[in-house]
Amino acid sequence: MRPSVPNRLLRTLAGLAVSSVLPAVACTSPPIRVAATSAPTTALSLEVTQTTLPGEMPRSDRPPASLVTAPQGATTGAGDSTATTEAGRLGAAAVPNPAGVVLDGDGLGIVSFGASVEPALGVLIDALGQPVTDTGWIDPFSIYGDCPGSRLRVVEWPGVLAFFGDPEDGYHYRDPAGEHFMSWHLGTFGPDPYMLRTAAGIGVGSMRDHVAAAYPAATFIPGTADAPPSVILDATDGELAGVFDSGGRIRTLAAGTRCVTR
């Protein structure tokens, strides 16, 4: 029997852009944004006791995942024709500051939380290139934590994780299956070669003082014996938050409906 985890770090969010449903659209006309509609009618009873993000996870602890590559010489959505089946070259063509990709509590700029899976993946592959791994649909109780919903899919680019699931969250995509883009993590499995930033210029490696200057209303959470210091940059939308390393630099950032780590 699956262990009982009484608390989930969920956000049922207000606002037209995120409490709504995205119609099925082709990935040929990004950005994908979530259209306005009413909030879910089922109330969520949440007991939140964990407010910080997970630290880095050792690569050896990741669940089995298939490598995703383009055929030799094939063109990816990002226009890169160098992708091969060699594991060592996966993600090697990461381009800093890809156009339109912005770290946001509502998604990644070019695609919003709530977008259905295949259109969202198409837009992300266009911007970031071929992913390094794709777990496929797995049990939501995994090394990634205890995730809401009945199943989970995690797609990874160098330094970037995109989480897809079917939870009844504020981004719920109302189709028969309900799977949608629900969160992103940055820096969890290593550095970010894309050098992604928020609209205010904050990303992995940003110093605490720079975060405070860019986000005057940010909430800084002191470290404890069990958790490193962290910060909630923006509590609206999907709660954009980060964790600091011992030198006071942002180590990881995340937003959206996240999983509870153990």
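Looking only at residues that are buried (at least 17 other Cβ atoms within 10 Å of the Cβ) and of a type in the set (Val, Ile, Thr) in the stretch 128-171, which one is nearest to residue 106 (Cα to Cα)? Restricting to residues being buried (at least 17 other Cβ atoms within 10 Å of the Cβ) and of a type in the set (Val, Ile, Thr), the top hit is 160.
For the stretch 239-262, residues that are in a loop (DSSP other than H, G, I, E, B) and either among the polar types (S, T, N, Q) or touching a Ser or Thr at 6+ places or on another chain (Cβ under 7 Å) (or both) total 4.
Scanning the stretch 163-188 for residues that are in a loop (DSSP other than H, G, I, E, B), under 19 Å from residue 252 (Cα atoms) and touching an Asp or Glu at 6+ places or on another chain (Cβ under 7 Å) yields one hit, 188. Of the residues making up the stretch 172-194, those that are farther than 23 Å from residue 96 by Cβ, more than 13 Å from the chain's Cα centre (by Cα) and either aromatic (Phe, Trp, Tyr) or crowded, with 21+ Cβ neighbours inside 10 Å (or both) are 172, 173, 179. Taken together, the residues in the stretch 114-169 that are of a type in the set (Ser, Thr, Tyr) and more than 15 Å from the chain's Cα centre (by Cα) amount to 2. When residue 252 is tested against (1) touching a Gly at 6+ places or on another chain (Cβ under 6 Å); (2) over 18 Å from residue 102 (Cβ atoms); (3) crowded, with 23+ Cβ neighbours inside 10 Å; (4) not aromatic (Phe, Trp, Tyr), only condition (2) is not met.
Residues are listed down the side, and each one gets a yes or a no for (1) at pLDDT 95 or above; (2) within 25 Å of residue 100 (Cα to Cα); (3) buried (at least 16 other Cβ atoms within 10 Å of the Cβ); (4) touching a Leu at 6+ places or on another chain (Cβ under 7 Å):
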| site | (1), (2), (3), (4) |
| --- | --- |
| 196 | yes, yes, yes, yes |
| 203 | yes, yes, yes, yes |
| 206 | yes, yes, yes, no |
| 225 | no, no, no, no |
| 231 | yes, yes, yes, no |
| 240 | yes, yes, yes, yes |
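If you take the residues in the stretch 223-238 that are in a loop (DSSP other than H, G, I, E, B) and of a type in the set (Val, Ile, Thr), which one is nearest to the chain's Cα centre (by Cα)? Per the criteria, the residue is 236.
The values are calculated or read from the model by the stated rules, or taken from the named source; none is laboratory data. Just so you know, these numbers come straight off a predicted model, no measurement behind them. Neighbour counts run over all protein chains shown; Cβ positions are idealised from the backbone, glycine included.
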